[in-house]
Amino acid sequence: MDFVTNAKKFGVRALLLQGLTFLSVLTSAFMIWKGLSLFTNSESPVVVVLSGSMEPAYYRGDILFLNNGYSPIEVGEVVVYKLKDKPIPIVHRVLKVHTQRETGEQFLLTKGDNNNADDRGLYNPGQLWIQRDEIIGRVKGFVPYAGMGTIWMNDYPQLKLGLLGTLCVLSLFSND
């Protein structure tokens with residue numbers, strides 16, 4: 001069946017209703033995400049581990065739940081940080097912390113548990129420490145391998161497009 005035949009069969013009102021239902025699901029998901037962001041004080045309260053640099057603590061595909069409280073960060077905590085001009089956040093453990101006595105500002109050195117060297121090679125040129133404002137959040141919990149679907153969709157863009165297309169078609173032509 002083609003689109004016009006389905007439109008006649010269901011009627012324009014029914015198609016509009018399906019479109020509005022789909023739109024309300026999207027806006028609800030967005031509102032939940034923004035609510036979590038406010039509650040956790042993190043721009044991204046949930047992230048997926050994309051590499052093996054934190055094994056054996058966290059594996060590729062684990063979903064991490066973040067919180068970005070105001071208390072000082074301590075050595076040994078696992079943090080997610082995002083550097084300027086680099087699109088992908090990094091999940092690594094805090095190796096050293098330096099705090100300025102006058103201002104209380106923290107400077108952090110991080111390292112992946114499975115890496116041989118600290119992260120200074122990942123930082124921007126000339127940067128020796130990351131600052132507190134580059135921290136997205138601290139890891140508070142995780143679900144093992146639950147994010148593998150996200151990794152597959154990033155590795156195989158056709159899978160992402162096929163899934164999105166299927167969901168759109170199903171939402172427009174379902175009878176519920």
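The values are calculated or read from the model by the stated rules, or taken from the named source; none is laboratory data. All figures in this text were calculated on a predicted structure; none of them were measured in a lab. All Cβ positions, glycine included, derive from the backbone under ideal geometry; neighbour counts span all protein chains shown. These accessible areas exclude ligands, DNA and RNA; they are computed on the full protein's heavy atoms, side chains included. Shrake-Rupley method; radii C 1.70, N 1.55, O 1.52, S 1.80 Å.
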- prompt: In the stretch 77-96, which residues are open to solvent by less than 10 Å² (accessible area, probe 1.4 Å) and within 16 Å of L128 (Cα to Cα)?
  reply: Y81, L83, H92, V94
Residues within the stretch 60-76 that are open to solvent by 80 Å² or more (accessible area, probe 1.4 Å) and assigned to a loop (DSSP other than H, G, I, E, B), tallied: 5
message: Of the residues G149, G162, G141, G137, only one is touching a Pro at 6+ places or on another chain (Cβ under 9 Å) and either part of a helix (DSSP H, G or I) or open to solvent by less than 70 Å² (accessible area, probe 1.4 Å) (or both); which?
response: G137
message: Among the residues that make up the stretch 108-116, is at least one of them more than 20 Å from the chain's Cα centre (by Cα) and small (G, A, S)?
response: no
message: Considering only the stretch 15-27, I want to know if a residue exists there that is in a loop (DSSP other than H, G, I, E, B), out of contact with any Cys (no Cβ under 9 Å at 6 or more places or on another chain), touching a residue at least 12 places away in the same chain (Cβ under 8 Å) and surrounded by 14 or more Cβ atoms within 10 Å (Cβ to Cβ).
response: no
task: Would you mind stating whether R101 is basic (K, R), within 15 Å of F142 (Cβ to Cβ) and not in a helix (DSSP H, G or I)?
output: no
- request: Among the residues of the stretch 34-54, write down those that are open to solvent by 60 Å² or more (accessible area, probe 1.4 Å) and either basic (K, R) or touching a residue at least 12 places away in the same chain (Cβ under 8 Å) (or both).
  value: K34, N41, E43, L50
- request: Hey, could you check the stretch 43-84 for residues that are in contact with a helix residue (DSSP H, G or I) (Cβ under 8 Å, 6 or more places away or on another chain) and polar (S, T, N, Q) and say which is farthest from Q100 (Cα to Cα)?
  value: S44
- line: Among the residues of the stretch 115-129, the number that are more than 20 Å from P56 (Cβ to Cβ), among the charged types (D, E, K, R) and open to solvent by less than 50 Å² (accessible area, probe 1.4 Å) is 0
task: Determine, yes or no, whether K34 is in a helix (DSSP H, G or I), basic (K, R) and either within 24 Å of W152 (Cα to Cα) or out of contact with any His (no Cβ under 6 Å at 6 or more places or on another chain) (or both).
output: yes
task: Within the stretch 97-114, count every residue that is open to solvent by 30 Å² or more (accessible area, probe 1.4 Å) and farther than 18 Å from Y58 by Cβ.
output: 10
